[in-house]
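Inspection log for the structure reproduced underneath, given as structure tokens.
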Amino acid sequence: MKALLQRVSQARVDVAGETIGAIDQGLMVLIGIEPQDTPASADKMLHKLLNYRVFSDADGKMNLSLTDVNGGLLLVSQFTLAADTKSGMRPSFSKAAPPALGAELFGYLVTKAKTSHATVETGQFGADMQVHLINDGPVTFLLET
């Protein structure tokens, strides 16, 4: 499982002109699911997302986690994160999970996140989404399980 997390001052996801998920300060996370991923992969990723120290403390150092700052978490499925881009000029998606597995594991991750964290919003799996964000820093990390 791959997660591209961005520290944001605000972010939202629109589908068909309507906002379906929005947060203020927190993390906007694009989630890429691969065929070998399992619920255990999702559990490990969620632990990282909630505890990865990317927010500044009083000294301006990245020592605080999403949990510490009680920030929002916006999860967005993004199968293109699993693309193979090593050769050629067109990505291959052979390393992405099939849609049924992707939907199942993304749903699992969202459900677990909502039971573990106060503010969790999502995009819509498989939809054409417009993602709007203000990256704070900018701070962006690629996490993998």
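Laboratory data are not the source of any read-out in this text; all were calculated from the coordinates shown. These numbers come from a predicted model, not from an experiment. All Cβ positions, even for glycine, are placed from backbone atoms using ideal geometry, and neighbour counts span all protein chains on display.
Observations on the structure shown:
- Too-long pairs where the Cα-Cα distance tops 26 Å, listed order kept, from Lys61/Lys86; Lys2/Lys86; Lys86/Lys112; Lys86/Lys114: Lys61/Lys86; Lys86/Lys112; Lys86/Lys114
- Residues in the range 131-145 carry Karplus couplings, in order, of 9, 10, 8, 10, 6, 8, x, x, 10, 9, 9, 9, 9, 9, 10 Hz; the curve used is 6.51 cos²θ - 1.76 cosθ + 1.60 with θ = phi - 60°, and Gly or Pro positions show x.
- Net +/- balance of residues flanking Met62 in space, Cβ distance below 13 Å, scoring K and R +1, D and E -1: -1
- Using Cβ point charges alone (K and R +1, D and E -1), the dipole size of the range 79-145 about the Cα centre works out to roughly 160 debye.
- Nearest-20 debye value, the chain charge dipole, Cβ charges on Lys, Arg, Asp, Glu: 320 debye
- Modelled this way, with points 7 Å down the Cα-to-C-beta line, the labels at Arg53 and Gln130 are 3.9 nm from one another.
- Of Thr67, Thr80, Thr115, the one that fluctuates the most in a GNM where the chain has Cα springs shorter than 10 Å: Thr115
- Placing unit charges on the Cβ atoms only, positive for Lys and Arg and negative for Asp and Glu, gives the range 1-66 a dipole magnitude near 220 debye about its Cα centre.
- Our Cα-only numbers for the chain put the radius of gyration and Dmax at 14.9, 46 Å.
- The stretch between Val69 and Ser116 holds 15.5 nm of extra length on full extension. This uses 0.36 nm per residue minus the Cα-Cα distance.
- Computed label-point distance, nm, for sites Glu18 and Thr80 using a 7 Å Cα→Cβ extension: 2.5 nm
- Dipole of the range 10-84 [Lys/Arg +1, Asp/Glu -1 at C-beta], most positive-end residue of Leu66, Ser56, Val29: Ser56
- Legend: ranking of residues Met28, Met45, Met89 from fewest to most surrounding C-beta atoms inside 10 Å; resulting order Met89, Met45, Met28.
- Packing-based exposure ordering (other Cβ within 10 Å, fewest first) of Ser94, Ser77, Ser56: Ser94, Ser56, Ser77
- Unit charges at the beta carbon, dipole of the range 36-118: most positive-side option, Gly107, Thr85, Leu75: Thr85
- Sorted fewest first by neighbouring Cβ atoms within 10 angstrom, Arg12, Arg7, Arg53, Arg90 come out as Arg90, Arg53, Arg12, Arg7.
- Between helix 99-116 and the chain: long-axis angle, C-alpha atoms, 0 to 90°, nearest 10: 20 degrees
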